[in-house]
Amino acid sequence: MTRLVSLAAAALSLAAIMPATAQTQSGAHYAATAVEAPGKSSFVTQNTIWKCKDAVCTAPRAASQDKVVCERVVRNVGTLSAFTAGGTAFDAEALAACNARAR
């Protein structure tokens, strides 16, 4: 029984770190989901290179505040349906403030 509990605990620990590991391996700190897929597969904001697949664009961590990074993205891809920084999604209010900067 102890062995089964230890095995279950190890499996849960591994499951907990897998998303973070995958994010680190891909180099993506930010994920921006555009309402409409951008026309380009990549673009640059300030010094941050964004890669897009369909409507989702990702980028490594930038030196700017998360809200500033979001605002720069919407200027390039338009309105977002979601924005995540470091695994934490913007709430509705923060996303609305970001989308207010869309062109």
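Some notes on this structure:
- Of all residues in the range 42-63 being in contact with a Cys (Cβ under 8 Å, 6 or more places away or on another chain) and hydrophobic (A, V, I, L, M, F, W, C), the one that is nearest to residue 27 (Cα to Cα): 50
- Taking residues in the range 64-79 that are under 14 Å from residue 29 (Cβ atoms), and partners anywhere that are assigned to a helix (DSSP H, G or I) and modelled with pLDDT of 95 or more, the pairs with Cβ atoms closer than 6 Å and at least 6 places apart or on different chains are 70/98.
- Yes/no for residue 98 being out of contact with any Ser or Thr (no Cβ under 7 Å at 6 or more places or on another chain) and either without any contact (Cβ under 8 Å) to a residue 60 or more places away in the chain or surrounded by 12 or more Cβ atoms within 10 Å (Cβ to Cβ) (or both): yes
- Just one of the numbered conditions (1) assigned to a loop (DSSP other than H, G, I, E, B); (2) over 10 Å from the mean Cα position of the chain (by Cα) is not true of residue 97: (1).
- Test: residue in the range 63-85 that is at pLDDT below 95, in contact with a helix residue (DSSP H, G or I) (Cβ under 7 Å, 6 or more places away or on another chain) and surrounded by 10 or more Cβ atoms within 10 Å (Cβ to Cβ): no
The values are calculated or read from the model by the stated rules, or taken from the named source; none is laboratory data. It should be emphasised that the depicted structure is a prediction, and the values quoted were computed from it without experimental measurement. Quick reminder, even Gly has a Cβ in these numbers, built from the backbone with ideal geometry, and neighbours come from all protein chains shown.
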